[in-house]
């Protein structure tokens, strides 16, 4: 038995050591696999980055109240009365004075100029009270100060400042006829809030002709994750046509928007993988043909045909893994941490960062292995059946 | 012709290798054909936009509204042929997640401004006469199974009726098609009056306006007249050509064409390496043979041409098969029940593909052809 394995091992080592003799053909196979893996990982990293940004935004401790069926903050409208009624709902955490911890907010769209393309794109502008800052996790003002109530001042998210022009602290910005001063920059640890501009809620109401209405309410939950008492309260009051869900659920559903990209990435990579597979098969058949005499000689001196099979299969898998690793490294080098922005569910730009997680890395290597296995299997089969008599003939 | 026979024989000498290289080329051109059709579909929104059409928006953002009073003032501007105003309704049918483009418009003027939408005169009149009537594009009507004569409820994810309901009842009175096969027919239009009288958030505002000018050369003049008219008012306007508006909107999604082009390039690169290598290998295997041919009196340039013809033929077979396959794939995608623009594989895709075929055949054949050209008979024969 030990002899059987040592035979296999000998042939594998022999095949791999002889790779430089077929350098160009082998490089072609490696290169093809590398490109396919890099393309797959680029798409997956894009979808993953978007999903993580939005998933990291929502908190389980906070409930978000929107008008029924509105799907996103942008479409929702809540009248002053509704906001007042909702403050009396059960299940909301109370502060030291016994008041509910909540934030009534507005969500409007303004234009900004994207640095990358120099084109106009939509930026979300949120009107809120300073209390609302406490409902965001990991919030830090990294430059300047928060806005003061009653003034045309904004604090900008770090993502906005990276992707758009003219949002430095101290800058004056015009939206239509109104002019605003940038007084600070905030970070929320990479979440989607960093794609927003924040300003004083009553000021936004007056400058954007919103009267006394709001769009959403955030409520701090007394029991994290538990919105049932609030839901029951809404169901019992026929004047309230509202949806309530945890902020985590709200953003998780928005994070699915780029899932189509991941599916597209897989489809393209599998089709391209078929092309690379043709390349791998080509390489391996050539390799088997070139080594036919060698293989037959080994058989003549007592090596099993299993060892010939294993040798060829291993050669193909090694080439593919090398290709897979090169492709994955290239994807990591070029795309990991790459910052981009796209149109999210609220018609506004969401700034996100490509993320190449170990799990995605494993997906890339798996694809390479599948190509290597299939690309090696059939040529290995042929190699195992080289007749011994070939050893005593000239090649071809 | 004799040479062609030899080229064919050379090509089919190793069936497995021929199959694999043709297959790799096939894949690359299938990807090329399909993605190019996608890119053209995305661009069609820009290319099909009318040169004489302008969009008037609130300067702050297209989501900010304008007073209805602006409509008549814009209509009176010189060189404005027709004008309609539009309000985004945020409509959905049954499933809140599948929102579609639905606008409340000034029905009487709408078809004057969007004259590329085709509706029979009877349906058009029926729409104008029926305040609760809507017209739907062919694509969306097929998607939801709507027929002329149906009465359907549509919800809004923004607006609600005065009694708190978020659904409105509509009569489907017309289904429009487009003049061009790529015209978008995924939108729904209904009467502004019906919207304005029933929705609950204060009335008399409009989303934006679409204006048709009497001649594209007068666009600049009209843009200036409109924007100057509302300068320094509480709602300033920004008037842009429809083409620019559509382009900006598509660009918001990100650089789609860059992504698609990179993928096509990557696919071509892979194929180039595989096919090129295969060609080099198969010529190298034939070194002795080429030596014999030269001895027999084949000129070097004739052999050069034969090798090049072989690689061109290889690329041509894979390329044609690949583009044909992408054609069937596109038909399949067009028939799938998803909201996508119409994909078309037109002659420009074919001619572009054939250019790539020639390029691919040339690049993969040139190195082996050159080495065959330079091959010295003595070296060739002694090498075997």
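Bear in mind these aren't lab numbers, they're just calculated from the coordinates by the rules spelled out. Just so you know, these numbers come straight off a predicted model, no measurement behind them. Cβ sites come from the backbone with ideal geometry, for glycine too, and all protein chains shown count toward neighbours.
Some notes on this structure:
- This ranking places A:148, A:247, A:137 by how few other beta-carbon atoms lie within 10 Å of each, fewest first, which gives A:148, A:137, A:247.
- The DSSP beta bridges internal to region B:60-235 are antiparallel in roughly 70% of cases.
- A Förster radius of 41 Å combined with the Cβ-Cβ distance from residue A:139 to residue B:366 puts the calculated FRET efficiency at roughly 0.10.
- Here the translational diffusion coefficient of region A:38-163 follows from Stokes-Einstein with Rh set to the Kirkwood radius across Cα pairs; for 20 °C and 1.002 mPa s it amounts to 122 µm²/s.
- Kirkwood Rh, Cα atoms: Rg over Rh of the protein assembly as shown: 1.08
- Segment residue B:358..residue B:69, full-extension length gain: 98.0 nm, with 0.36 nm per residue of separation and the alpha-carbon distance subtracted.
- Of all DSSP beta bridges in chain A, antiparallel share, percent nearest 5: 80
- Pairwise centroid distance, computed over Cα atoms, of region A:41-91 with region A:108-125, Å: 22
- Inter-chain neighbour count for A:267-279: the average number of beta-carbon atoms from partner chains within 10 Å of each residue's beta-carbon is 6.
- Relative contact order computed over chain A (Cα-Cα under 8 Å; 6+ residues apart), in percent: 29
- The relative contact order of region B:60-235, computed from alpha carbon pairs under 8 Å that lie at least 6 residues apart in sequence, is 34 percent.
- Peptide B:273-282 has a mean of 6 when you count, residue by residue, the C-beta atoms of other protein chains within 10 Å of its C-beta.
- Partner chain coverage, peptide B:157-167 - average Cβ within 10 angstrom: 4
- When each of A:142, A:371, A:268, A:261 is scored by the number of other beta-carbon atoms lying within 10 Å, the sequence from fewest to most is A:142, A:261, A:268, A:371.
- Counting only DSSP beta bridges with both residues in chain B, the antiparallel share comes to about 75 percent.
- Gaussian network model of chain B, springs between alpha carbon atoms under 10 Å - residue of B:334, B:277, B:255 with greatest fluctuation: B:255
- Packing here is the average count of other Cβ atoms within 10 Å per residue, and on that basis the peptides A:153-166, B:58-71, A:313-326, highest first, run A:313-326, A:153-166, B:58-71.
- Each residue, residue A:369 and residue B:302, gets one label point 7 Å from its Cα in the Cβ direction; the gap between the two is 5.5 nm.
- Residue order, fewest to most beta carbons within 10 Å, for B:119, A:17: A:17, B:119
- FRET efficiency estimate (nearest 0.05) - Cβ-Cβ, residue B:324 to residue B:169, R0 45 angstrom: 0.40
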